[in-house]
Amino acid sequence: MPRTTQDILEFDKLRELLRLRTTCPPGKRAVNSLEPGMERASLETAFALIREAREWLRAGRELGFGALADPQGWLEKIEGPGMVLEAGDFLDAASLLETAAWLKQQFREEAAKFPLLAARSASLADFREIHAAIRRCVLPNGEISDDASAALRRIRGSITQTREAIQKTLKQILRARNAEAGEDYVTLRNERFVIPVRAEQRRSVPGVVHGASGTGQTVFMEPFETVESNNHLVQLAEDEAAEIVRILRELTDKLQTVRVPLLAAAETIAEIDSVFARARFARDFDAAMPEFSTTNELRLEGARHPVLEDKLRKENRAIVPMTLALGGEERVLVISGPNTGGKTVALKTTGMAALAAQSGIPVAAQRAVLPMFDRVLVDIGDEQSIAADLSTFSAHMLNLKGMLEAATPQSLVLVDEMGTGTAPEEGAALAVALLDEFRAKNCIVLATTHHDRLKTYASTTPGVVNAAVEFDDVNLRPTYRLMVGVPGGSSGIAVAKRLGIAAGIIERARSLLTPESREASDLIAYLHRSRDELNRLQKQMVEERHALEAERKKLRTEWVERQQKRIKELEAQFAEMQKRFDENVARVVEAVKERELRVQVEKTARRMMQDVRGEAREELNAAVVQTISESQADLGVNPASMEGVRAEQLQPGAKIRVRGFSKPVVFRRIDGSSAEIEAGPLRMKVAIDEIISLEGEPVSSKANLPGNKLQGVTVTSQGGEGAGTGEINLIGMTVEEATGRLDKFLDDAALANRAAIRIIHGHGTGALRKGIGAFLSSHPLVEKHSFETEDRGGKAITLVELRK
């Protein structure tokens with residue numbers, strides 16, 4: 001019988017790897033049923049389930065069905081009418097019902113994370129009623145419980161009473177006969193209670209003989225006194241058996257009424273076991289979920305044949321992954337190289353990836369992009385048939401003929417050693433013609449060859465690509481690495497030399513090569529050296545680029561740390577200077593003894609301190625901006641590419657770009673030739689010409705901008721802020737600005753003999769309100785302060801009573 005594609009590619013061995021990872025017989029059967037299909041939607045769903053199962057396993061959890069008894073037998077029995085299951089079958093049925101109930105709960109709490117698995121388990125029916133009935137009727141040892149029915153309990157009660165009565169009568173007979181030791185017991189023969197009697201005394205006990213001992217010296221007699229009772233006992237036993245059959249039939253009927261949900265439960269358990277087996281396979285073989293191409297793209301990255309990988313692992317050997325890409329105009333790949341170099345493995349790996357992907361099995365690769373193939377056509381291995389009187393060449397030709405007839409644009413064609421088995425020139429010509437025919441059918445084709453003519457064909461024909469399995473010329477051994485884009489040399493003479501063929505024979509063989517063969521071999525060797533050099537240079541460039549990037553990041557980090565240190569030093573110097581200034585002012589004020597003069601000096605000093613602080617703060621901010629501006633290239637800002645912004649374009653709250661800042665900042669207001677900006681928690685002033693672009697619309701709430709009314713509060717304005725209004729609006733200002741204006745306002749209010757004033761500061765973040773409160777608490781002109789009533793603004797407005 002000719003081998004099938006699955007046989008040649010060892011697909012059932014892949015299924016065996018999956019079967020080893022199942023946990024129950026239904027799961028194994030589900031794995032056995034995995035076959036290549038063309039339904040994209042169902043395959044996508046299968047891989048989505050496998051992804052969820054893999055995530056479940058990655059969390060360190062497991063899910064298995066090792067306690068499940070195989071339900072196939074009893075499910076088949078209840079398919080037809082009139083069938084009654086045995087007690088043991090019901091124990092197996094209870095196993096399925098319990099497993100279904102357990103599975104129904106597994107993903108309930110994590111349905112959001114595992115929606116597909118949760119939906120599958122939630123779809124299971126509720127079998128609690130039938131499960132309770134089985135457990136009530138059938139004991140764990142397989143016997144029928146007394147509680148199975150009232151009739152059974154009554155019958156068994158009668159059986160117990162009858163047995164006791166019979167045994168009591170027989171013991172009385174034994175005592176009356178003064179039975180000797182060894183003959184004073186009651187036993188059973190033919191399901192009837194009897195007593196032993198010596199053969200010569202049998203006539204002394206009227207009754208029925210039910211057998212004799214092995215020596216014939218003892219007979220077992222049923223006295224006439226117990227015949228009727230034994231008959232009754234037999235009848236009760238028959239009644240018990242009939243009642244048990246009735247109970248089993250009733251339970252069987254219950255199972256038959258839910259047979260469809262039971263089958264669905266068994267299928268769901270089998271599917272989930274199969275899904276988790278595939279997830280374990282993906283974990284163990286670092287396999288990828290395939291992507292199905294809509295453009296006939298075939299791309300395998302780091303692909304391996306899992307059966308070969310499993311074999312090599314057991315031998316503590318590593319497999320060499322392969323990478324290839326076909327699609328678009330390039331649909332034929334011609335692979336050349338030495339024998340035992342891995343050419344056939346490349347074909348089988350590609351074919352296995354296609355079969356696995358379309359069977360819902362993860363592909364042993366880092367990434368796998370595959371078309372939906374309608375068939376995988378394979379000609380690999382020795383197809384010689386003695387029975388059919390076919391040579392290897394004839395068998396291959398017949399196989400290729402059938403493949404040509406079956407091939408479509410959606411087919412994958414894998415052909416090993418094209419053109420072998422006949423004269424090299426004829427074989428090469430046939431191989432070229434066959435590849436041309438497959439190419440005309442627009443198939444994706446992978447073919448291996450030793451013929452130089454096919455390598456030339458691949459180099460000169462559109463849509464055909466050369467590939468080589470690498471050969472280590474230094475150690476004279478294959479590396480099994482697939483290199484797409486260059487042809488491979490056969491390296492037969494080199495391999496013969498490595499295997500110890502005499503040097504004279506090797507030199508003679510080389511001298512017999514045609515000039516064309518030597519030139520082709522030299523050219524291929526040159527291409528391989530060039531490719532290796534390009535790969536080396538590319539690797540070197542990548543390493544240098546990574547090193548430069550790391551150095552740039554290091555320098556940038558060091559620069560940022562230096563600037564942060566400088567800014568902290570400036571801040572510390574400013575704080576120390578301010579502290580000394582405050583101490584000096586406090587000593588001067590303390591020295592003034594006259595109260596009114598002291599108050600006046602304190603106010604004057606406070607104003608001077610505010611002016612000095614403002615100037616110092618501006619100088620500090622300017623120093624910070626200057627420091628940042630000096631290295632703006634390191635921050636990724638190119639000022640030359642930015643355009644200036646006119647003052648009239650600026651609106652409070654707008655995001656702007658400032659020279660020297662890597663990120664946008666928020667514009668607050670214009671103060672003369674400067675602009676106040678906000679960068680996170682930091683507020684500072686910069687020159688207007690330092691603003692280089694607008695980023696977007698204002699970002700602040702309108703409630704926090706100057707000139708906007710606070711919701712629920714009426715604000716009146718009469719020619720600006722002054723003592724005449726009795727009210728000052730500080731919304732949108734910093735605490736420092738607000739206290740400066742408020743101090744002057746309090747002075748003006750005191751000079752105008754006002755008893756109280758209102759301060760509008762809004763809710764905002766609460767910082768301004770707290771700052772103003774702290775300022776008022778220590779102000780010499782303030783008697784007390786409180787918030788406005790809720791109906792007139794609440795904590796958005798502060799009321800101040802002035803000292804008289």
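The values are calculated or read from the model by the stated rules, or taken from the named source; none is laboratory data. The structure displayed is predicted, hence computed values, not measured ones. Counting neighbours? That spans all protein chains shown, and the Cβs are built from the backbone with ideal geometry, glycine included. Ligands, DNA and RNA are excluded from the accessible area calculation, which covers all protein heavy atoms including side chains. Shrake-Rupley method; radii C 1.70, N 1.55, O 1.52, S 1.80 Å.
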| message | Can you work out the Karplus-derived ³J(HN,Hα) for every residue in segment 237-247? Use 6.51 cos²θ - 1.76 cosθ + 1.60 with θ = phi - 60°, whole Hz, and x for glycine or proline. | response | 4, 5, 5, 4, 4, 5, 5, 5, 4, 4, 5
| Which of the pairs LYS565/LYS663; LYS784/LYS804; LYS311/LYS455; LYS28/LYS348 have their Cα atoms more than 22 Å apart in this structure? | LYS311/LYS455; LYS28/LYS348
| query | For segment 91-172, what is the Kirkwood estimate of the hydrodynamic radius, computed as the reciprocal of the mean inverse distance between distinct Cα atoms, to one decimal in Å? | reply | 16.1 Å
| request: Quick one: which residues, 5 or more positions from SER693 or on another chain, have an amide H under 5 Å from its amide H? H modelled 1.01 Å from N in the peptide plane, none for Pro or chain starts. | output: ARG657
| said: What FRET efficiency comes out for LYS770 versus GLN106 if R0 is 51 angstrom and r is the Cβ-Cβ distance? Round to the nearest 0.05. | reply: 0.40
| So which GluC sites (Glu not before Pro) in segment 97-195 pass both tests, a DSSP loop state and at most 13 other Cβ atoms within 10 Å of the Cβ? | GLU143, GLU180, GLU191
| LYS663, LYS804, LYS455, ranked by accessible area, largest first (probe 1.4 Å) | LYS804, LYS663, LYS455
| remark: Once normalised by the length of segment 240-390, the mean sequence separation of its alpha carbon contacts under 8 Å that are 6 or more apart gives a contact order in percent of 33 percent
| request: Quote to one decimal, in nm, the extra length available between ARG249 and GLU330 on full extension: 0.36 nm per residue of separation minus the C-alpha distance between them. | output: 22.4 nm
| remark: About its Cα centre, segment 226-340 carries a charge dipole, from +1 on Lys and Arg Cβ atoms and -1 on Asp and Glu Cβ atoms, whose size in debye to the nearest 20 is 700 debye
| request: Two decimals is fine: what's Rg over Rh for segment 254-319, C-alpha atoms, Kirkwood radius as Rh? | output: 1.22
| remark: Partner lysines whose C-alpha sits under 16 Å from that of LYS441, ignoring same-chain residues fewer than 8 away, are LYS401
| query | With every protein chain kept in the model, how would you rank TYR185, TYR457 by accessible area, 1.4 Å probe, largest at the top? | reply | TYR185, TYR457
| request: Roll a 1.4 Å probe over the protein heavy atoms and report the accessible area of TRP102 in Å², nearest 10. | output: 100 Å²
| Whole-Hz couplings from phi, Karplus 6.51/-1.76/1.60, listed for segment 343-350; x for Gly and Pro | 5, 5, 4, 4, 5, 5, 5, 5
| query | Quick one: length gained pulling LYS565 to LYS113 fully straight, 0.36 nm per residue minus the C-alpha distance? | reply | 158.1 nm
| In segment 134-197, which trypsin sites (Lys or Arg not before Pro) fall in coil by DSSP and have 15 or fewer other Cβ atoms within 10 Å? | ARG177
| Alpha-carbon centroid distance for the pair segment 309-381 / segment 83-151, whole angstrom | 44 Å
| message | Under the 0.36 nm per residue contour assumption, what length would be gained going from the current alpha-carbon distance of VAL209 and ASP286 to full extension? | response | 20.0 nm
| query | Of the accessible area of segment 148-193, with the probe set at 1.4 angstrom, what percent is carbon plus sulfur? | reply | 44 percent
| query | Around GLU291, which amide H atoms from residues at least 5 apart in sequence, or from another chain, sit under 5 Å from its own amide H, with H modelled in the peptide plane? | reply | ALA368, VAL369, LEU370
| remark: If amide H atoms are modeled at 1.01 Å from N in the peptide plane, then the residues at a separation of 5 or more from ILE444, or on another chain, having amide H under 5 Å from its own are SER411, VAL413
| query | Ranked by accessible surface with a 1.4 Å probe, highest first, in what order do VAL735, VAL432 come? | reply | VAL735, VAL432
| query | Can you work out the FRET efficiency for the pair GLU271 and GLU225, with r the C-beta to C-beta distance and R0 = 60 Å, to the nearest 0.05? | reply | 0.35
| note | 1/(1 + (r/R0)^6) with r = Cβ-Cβ of LYS401 and VAL84, R0 = 56 Å, i.e. FRET efficiency to nearest 0.05, evaluates to 0.45
| said: Show log10 I(q)/I(0) for segment 58-202 at q = 0.15, 0.16, 0.18 Å⁻¹, two decimals, from a solvent-free Debye sum over equal Cα scatterers. | reply: -0.91, -0.97, -1.09
